[in-house]
């Protein structure tokens, strides 16, 4: 889109990046807190190893510095759309499991879900500024949840939160990369700005 | 007014059973209805209602639309507002709904007379909501993860209708449930908001008349956060005595918000806060070292925070925490001054050194002691004397001279710089000039003109002047550059202060210049007590005492004396305050004046007690001018009288003190058979002591002129009568009669012819002294008279009568009586004769009673002779006297003279010697 080169678009992009970075930071902080609460409430071991959550792109990626901006945004958007669906599912399961008794955990989950949603909105806006609209959500969601037992669901929730925490870190790095003055998509970040 | 229009939408059916004409099955059918049904109308708009009649009623009751009457409550709507649309429909139109009320009814006149209600509706009037304005939001952090957002707005005018407000907010890609206010219409709180995403917020207001929305507010909630203040603030003293380190915890995550801070602090007890420069704390942190503090001082700290970029709101100030800096050595020496008492031995002084404790910010710690060094300037060789004291004064006795005194304060850390005071031999340097005071802002300012020389510093010395206490000196130092200061002490209003300014030079000090001052003046607490020192006829000298300093309450500017008479106007006189005496002049004499006195300060006066005095009737010297001449005149008159009496003493003597011949010197003494010298009566003085004579009378009784006896003449006889009570009667030996014998008879017996010749030519008679002197026994004296005067008529006539001589009838009668006595003397006792006399003349009883007593008691013959003689004489006297009071004999019986007391007399002697002895 032509708007990508206009000063207002650059300003808007910088603003989106800036707030996205901070949102990612807050999201990570909240997810870390939520992880502690979740482990405690669900009776899990914080050191338990969890298999990768199906449907969520891995935060760790090879040749991260070689990715273009759009690519970063697309990966992020896919991940957060998946997190949004997973967190909504977790919230629903948590409500079914604990009812309204554990409102604190439910509120924390809802808050993280909102932040994930907000971050996805940020990514969509950035993609619009990158001259391409966000991809359709059709088919982008996580695969239908397999029938899992309660413990598996708890472990899966633990895995979701851990992955989200990692994605929050990566997203901040991605947005910092995007926020650089030269919008070169292939330039590597300087060591100083690396997280 | 709007309240009248506030109609609650409550249904009110007024379906009345009018069409009773058509009743079927017991149900009542309405004959019409109104359109619209229960409308909600905008205030001020127009409104039209229709009343539609049922066709059935028309046919059955002959009711048509032209018979319809519209009413609001019970008030008939003017027919001008009606309109008959057709035969079954009538409309009413209101141009302004404010004139409407509930219910609005449609009525009809049945048969032209009876008004029947057809239908009624309720009308609700109100206003549509206004567009909410001034929407604003703030996010209050209530915990680390909770950030409720409260939005407020202005709902606009009152709508009189049930109006609902909703706070709506959304993300661009997501809507959120509305926030509905509870109990209020101008604010709502969203329980939790997410940051870093723009949120669109607006308010929607809706009621039956419409809906309105505020302008949307798009914001990132992170920009309107009011964070919680940092907590767990702690203060720690550092290594340096001027630094304190603060530490705290932030309650908002750095991931959410980066903070900047404000740190404020103050000294404990001080109300003014100081603030750490904001730029020093503009970055996120959890500790900060505050520098530039005073050593050994307790500070209070508080901190707040906000978003680092300044977007948002400051948090509240945190709780206050205190901390104390460490000690440092005193920053300056204590101010020092002295009082020199030179009244001791002439060659030395008593020097009272005094210094002020250092202020906390100067002491920088706890002062442990003061080191005082006294160094004589004159003899530099002598070592200085050092004193370590804990107090703030030191008294030294020093020889006259010049000394340099230094005082150093020590605390735990170290010593202060020395304070130096030069004690000079005399205050010979230039003093300050024009010392004056000025009360200002509750402080007493002192101003002066500096001397020409460079002044190191000034010492302001002052004390409270009072009668009740000594002048306790207070003082303060001021730098040499100033020429005014205020007294730094508890200066009280209405008290007199003596203020002295000393300039201190590098090499000595100038003499002090003093002034008296008040911080604030007031009326004197009492007035002067005035009294008079001297009061004259037209002036009075008033005196009074000055009011004491404690009573003055200010500078006495003047006295005013008020004086007045009881009913006169008050006169005021103003008197100079230095005087204690005043003379009031032009006063009215012999008048009561009331005087009082007022003393005035700048703030007013107060009156003393009233004093009254009365001016004198006479002026000074007036009495003397009157009394002295009167006295002189009196003396002159007395003197003249004395001179006159002296000149006329013979005449006076003649009248007052006639010369009575002294019988002792009379010639009859020569015929006394015995020389008078033989008895004790030779000297009149001996016989009659001075004053013993009560009277000496020469009585002439004229037989034919009884009335010639004046009272004056009779007085001696009155006395005689009285004195008879205490004296025996005596009679001369000549011409007297006796009870037992008569001299005449004796004479005639012896030598009648010679006797007659003697009696006719020169009659000798005796003076009879009757009474004594002052209760003394009267001395009976018979003195032979040498007088050649003829005998008293009575006696002479008695003689004559006795001898048969002729006389007047009265005389004859009188002497006949006597003669009768004489005749019966020989054979009658004296008592009887007296009794006869008594019967003859009771008025003359007095003398006779006495005689009677004498005769009764113990009168020998001779004595009886004497008595008879006296009786004869007295009887004559009494006979011619006026009727006297009857004196009862008993009254004189108390003093019967005894024979022993009988004085020696001439006759008794003769009697004792055997009777009368004719010469």
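No lab work stands behind these numbers, since they all come straight from the coordinates. Worth saying up front: this structure is predicted, and the values here are computed from it rather than measured. As a convention, Cβ positions derive from the backbone with ideal geometry for all residues, glycine included, and neighbour counts pool all protein chains shown.
Quick one: the Cα spread of segment B:530-622 along its three principal axes, in angstroms, biggest first?
Computed over segment B:530-622, the largest-to-smallest principal extents equal 46, 26, 17 Å.
If you average the sequence gap of Cα pairs under 8 Å that are 6 or more apart and divide by the length of segment B:176-323, what percent do you get for the contact order?
Answer for segment B:176-323 is 23 percent.
Based on the alpha-carbon gyration tensor of segment B:83-185, what equivalent-ellipsoid semi-axes (square roots of 5 times the eigenvalues) come out, in whole Å, largest first? Numbers along the way, then the final one.
Details: eigenvalues 543, 36, 32 Å².
After diagonalising the Cα gyration tensor, the semi-axes are 52, 13, 13 Å.
Which whole-number percent of Cα pairs in segment B:227-325 have a distance greater than 24 Å?
More than 24 Å apart: 18 percent of the Cα pairs in segment B:227-325.
Can you divide the C-alpha Rg of segment A:1-64 by 2.2 N^0.38 Å and report the result to two decimal places? All intermediate terms of the calculation are to be shown ahead of the outcome.
Numbers: Rg = 18.1 Å, N = 64, 2.2 N^0.38 = 10.7 Å.
Relative to the rule-of-thumb radius for its length, segment A:1-64 sits at 1.69.
For a bin width of 5 Å, list the pair-distance distribution of segment B:510-560 built from all Cα-Cα distances, rounded to whole %.
Percent of pairs per bin, in order: 4, 15, 21, 16, 12, 11, 9, 6, 3, 1, 1, 0.
Arrange the following residues from fewest to most other Cβ atoms within 10 Å of their Cβ: B:157, A:176, A:13, B:557. Write out the running numbers ahead of the final one.
Values: B:157 10, A:176 18, A:13 21, B:557 15.
So the residues, fewest neighbours to most, are B:157, B:557, A:176, A:13.
To the nearest µm²/s, what D does Stokes-Einstein give for segment B:263-303 at 25 °C and 0.890 mPa s, using the Kirkwood radius over alpha carbon pairs as Rh?
221
Give me the three principal axis extents of segment B:575-640 from the C-alpha atoms, as integers in angstrom, largest value leading.
Reported extents, whole Å, longest axis first: 74, 22, 16.
Work out, in µm²/s and without decimals, the Stokes-Einstein translational diffusion coefficient of segment A:1-112 at 20 °C, 1.002 mPa s, Rh from Kirkwood over C-alpha pairs.
Stokes-Einstein gives a translational diffusion coefficient of 129 µm²/s.
In what sequence do B:307, B:168 fall when counting other Cβ within 10 Å, fewest first?
B:168, B:307
Which order results if B:193, B:142 are arranged by neighbouring Cβ count within 10 Å, fewest first?
Taking fewest neighbouring Cβ atoms as first place, the list is B:142, B:193.
In Å³ and rounded to a whole number, note down the convex hull volume per residue for the Cα atoms of segment B:133-223. Can you show the working numbers first?
Details: hull volume 8.8 nm³, N = 91.
Cα convex hull per residue, to the nearest whole number: 96 Å³.
Rg to Rh ratio, segment B:32-126, alpha-carbon atoms and Kirkwood radius?
With Rh from the inverse mean 1/r over Cα pairs, Rg/Rh is 0.97.
Over the Cα atoms of segment B:281-396, what Rg and Dmax result, in angstrom?
Cα radius of gyration and Dmax of segment B:281-396 are 24.9, 81 Å respectively.
May I ask you to work out the translational diffusion coefficient for segment B:336-518 at 4 °C, viscosity 1.567 mPa s, via Stokes-Einstein with Rh from the Kirkwood sum over Cα pairs, reported in whole µm²/s?
74
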